[in-house]
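The values are calculated or read from the model by the stated rules, or taken from the named source; none is laboratory data. Fair warning: this is a prediction, and the values are worked out from it, not measured in the lab. Note that each Cβ is placed from the backbone with ideal geometry, even for glycine, and that neighbours are counted across all protein chains shown. Areas reflect the complete protein model, heavy atoms only, side chains present, ligands, DNA and RNA absent. Shrake-Rupley method; radii C 1.70, N 1.55, O 1.52, S 1.80 Å.
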Amino acid sequence: MNPTKTSTHGEHCMNTASSRLGFIGMGTMGAPMAGHLIAAGHTLFVHTRSKVPDAIAHSVATVCATARAVAEQADIIFLMVPDTPDVEAALFSEHGVASAVQGVQRSADGHGGKVVVDMSSISPIATKAFAQNINALGCDYLDAPVSGGEVGAKNATLSIMVGGPEAAFEKVKPLFALMGKNITLVGGNGHAQTAKVANQIIVALNIEAVAEALLFAARAGADPERVRQALMGGFAASKILELHGERMVKRTFNPGFRIELHQKDLNLALSSARALGVSLPNTATAQELFNSCVAHAGKAWDHSAMVRALEMMANFDIGQQPA
């Protein structure tokens with residue numbers, strides 16, 4: 001492959017494909033997602049705060065020193081960063097995306113020449129404000145959080161929830177299709193982030209249910225793996241039982257999705273629920289179980305390791321034989 005090019009603010013690079021795309025955030029999810037865009041032949045300009053992963057560094061992608069440099073070169077700019085403050089910094093810091101798109105002229109149909117696509121999972125309320133600020137600069141904005149974890153990012157099977165104007169969605173949809181399978185325009189800006197928070201509530205509660213069930217079965221003397229296989233054929237079957245139930249039995253808690261990130265999402269759920277006057281009692285319980293894991297140095301465990309909090313309360317691990 002060609003050696004990686006490096007760009008700083010103000011530098012311009014050769015266009016080697018039909019679409020000039022930007023990608024900010026090269027973490028566990030962002031790197032494979034960006035890789036799919038590169039593999040499809042698009043010119044990619046990337047920026048990340050940490051070390052650029054080897055797969056990206058050894059590709060034809062152009063590494064840029066700032067988010068601003070990415071936005072100067074790209075027509076569509078994707079963000080995939082951990083939390084709301086990270087998105088705000090990437091967009092509105094001194095060398096952020098907004099500093100490069102000011103004054104962009106809208107086309108005759110009223111849409112900007114650039115589109116900012118935030119694929120992070122962040123606050124729905126903040127997302128609406130970010131969208132308004134980017135729109136005021138003459139660009140379209142889509143919030144497009146994803147579900148599917150590291151496996152989905154690597155296999156391009158992510159579910160992608162999108163909020164924003166339909167015309168911008170249709171423009172970016174072929175690119176979404178390179179990264180995911182289930183792509184849905186949920187509504188206006190912020191609505192996709194609301195859908196993602198709802199998704200994370202369901203996932204957390206399902207992990208808790210599977211953890212309780214397998215712990216109960218193991219403590220009663222049954223083989224938890226055989227119980228899991230039996231339940232997969234009935235009404236209790238789910239992706240969580242299939243994938244995370246296996247993790248619990250095999251004790252493989254290396255992260256596909258870290259507990260600290262799921263905590264962040266449940267914080268969004270609980271704070272938004274408080275503002276709306278809605279009670280989410282089981283979501284609060286799931287968060288407390290995650291808190292227990294973190295107290296035992298587990299913030300970087302996979303979220304399936306919620307089971308360890310229940311095991312500590314029971315003084316019994318799924319993998320051990322009952323007395």
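Given H placed on each backbone N at 1.01 Å, which residues far from residue 141 in sequence or on other chains put an amide H within less than 5 Å of it?
So residue 141 has HN proximity to 116.
Run down the aspartates and glutamates and flag those whose C-alpha is under 19 Å from the C-alpha of residue 128, throwing out any fewer than 8 positions away in its chain.
Partners within reach: 83, 86, 88, 118, 140, 143, 166, 265.
With only alpha-carbon atoms in the gyration tensor, what are the semi-axes of the equivalent ellipsoid for segment 107-206, in Å, largest first? Don't skip to the end; give the middle numbers.
Numbers: eigenvalues 112, 51, 18 Å².
Gyration-tensor ellipsoid for segment 107-206: 24, 16, 9 Å.
Among 287, 200, 102, whose mean-square fluctuation peaks in a Gaussian network model of the chain (Cα, cutoff 10 Å)?
Looking only at 287, 200, 102, the biggest GNM fluctuation is shown by 102.
If the only charges are +1 at each Lys and Arg Cβ and -1 at each Asp and Glu Cβ, what is the size of the charge dipole of the chain around the Cα centre, to the nearest 20 debye?
Working: 25 positive and 27 negative charges, 54 e Å.
Using Cβ point charges on Lys, Arg, Asp and Glu, the chain gives about 260 debye.
Pull up all non-local amide H partners of residue 183: gap of 5 or more, or a different chain, and H-to-H distance under 5 Å with H placed in the peptide plane.
So residue 183 has HN proximity to 160.
Hey, what do the phi angles of segment 257-263 turn into as Karplus ³J(HN,Hα) couplings, whole Hz, using 6.51/-1.76/1.60 and θ = phi - 60°, x for Gly and Pro?
Taking θ as phi minus 60°, the curve returns 9, 5, 3, 4, 6, 5, 4 Hz for segment 257-263.
Long-range amide H contacts for residue 19: which residues qualify at under 5 Å (H placed 1.01 Å from N, peptide plane, sequence gap of 5 or more or a different chain)?
43
Pick from 192, 230, 71 the residue whose mean-square fluctuation is largest in a GNM of the chain, springs joining Cα atoms under 10 Å.
Greatest mean-square fluctuation among the candidates belongs to 230.
Please give the per residue accessible area of segment 156-271, computed with a probe of 1.4 Å over protein heavy atoms only, in Å². Intermediate values should be presented prior to the final figure.
Values: 5310 Å² over 116 residues.
Ligands and nucleic acids excluded, the result is 46 Å² per residue.
Treating cross-link reach as a plain straight distance, find the lysines whose alpha-carbon is under 17 Å from the alpha-carbon of residue 114, omitting any fewer than eight places away in the same chain.
171, 173
Roughly how many Å² of residue 243 are accessible to a 1.4 Å probe, to the nearest 10?
90 Å²
For the chain, what relative contact order do you get, as a whole percent, if you take Cα pairs closer than 8 Å and at least 6 residues apart?
Numbers: 621 pairs, mean separation 41.1, N = 323.
Value for the chain: 13 percent.
Which semi-axis lengths, in whole Å and largest first, follow from the square roots of five times the eigenvalues of the Cα gyration tensor of segment 149-288?
Working: eigenvalues 191, 83, 30 Å².
In descending order the semi-axes read 31, 20, 12 Å.
Probe radius 1.4 Å, ligands and nucleic acids ignored: give me the carbon and sulfur share of the accessible area of the chain as a rounded percent. Mind dumping the intermediate values first?
Working: 8060 of 14530 Å².
Carbon and sulfur: 55 percent of the exposed surface of the chain.
When the Karplus curve 6.51 cos²θ - 1.76 cosθ + 1.60 is applied with θ = phi - 60°, which whole-Hz ³J(HN,Hα) does each residue of segment 48-61 get, with x for Gly and Pro?
8, 6, 9, 5, 5, x, 4, 4, 7, 4, 9, 9, 8, 5
How high is the relative contact order of segment 234-323, given as a whole-number percent (alpha carbon pairs under 8 Å, six or more residues apart)? All intermediate terms of the calculation are to be shown ahead of the outcome.
Numbers: 73 pairs, mean separation 35.1, N = 90.
After rounding, I find 39 percent.
Between segment 251-309 and segment 13-77, what is the C-alpha centre distance in whole Å?
Going from one Cα centre to the other spans 31 Å.
Starting from the residue with the highest accessible area, list 92, 169 in decreasing order, probe 1.4 Å. Could you put the intermediate results ahead of the total?
Values: 92 70, 169 10 Å².
So, going from the largest accessible area down, we get 92, 169.
Over segment 265-323, how many percent of alpha carbon pairs lie in each 5 Å bin up to the one with the longest distance?
So the P(r) values, bin by bin, are 4, 17, 23, 19, 14, 12, 6, 3, 1, 0.
Largest first, what is the accessible-area ranking of 302, 83 with a 1.4 Å probe?
Values: 302 0, 83 50 Å².
Result, largest first: 83, 302.
With angles folded into 0 to 90 degrees, how steeply does helix 281-295 sit against the dominant principal axis of the chain? Use alpha carbons for both and round to 10.
90 degrees
Which one is right for this structure if Cα extents along the principal axes in Å is calculated from it: [x] 70, 50, 35; [y] 59, 43, 37; [z] 64, 42, 39?
Here the calculated entry is [x].
As a test question: what accessible area, to the nearest 10 Å², does residue 202 have when a 1.4 Å probe is rolled over all protein chains in place?
100 Å²
Could you size up the charge dipole of segment 149-203 around its Cα centre, putting +1 on the beta carbon of Lys and Arg and -1 on that of Asp and Glu, and report it in debye to the nearest 20? Write down the numbers at each step before the final one.
Values: 5 positive and 3 negative charges, 20 e Å.
The dipole magnitude comes to about 100 debye.
Roll a 1.4 Å probe over the protein chains and send me the accessible area per residue for segment 34-137 in Å².
Details: 4090 Å² over 104 residues.
Ligands and nucleic acids excluded, the figure is 39 Å² per residue.
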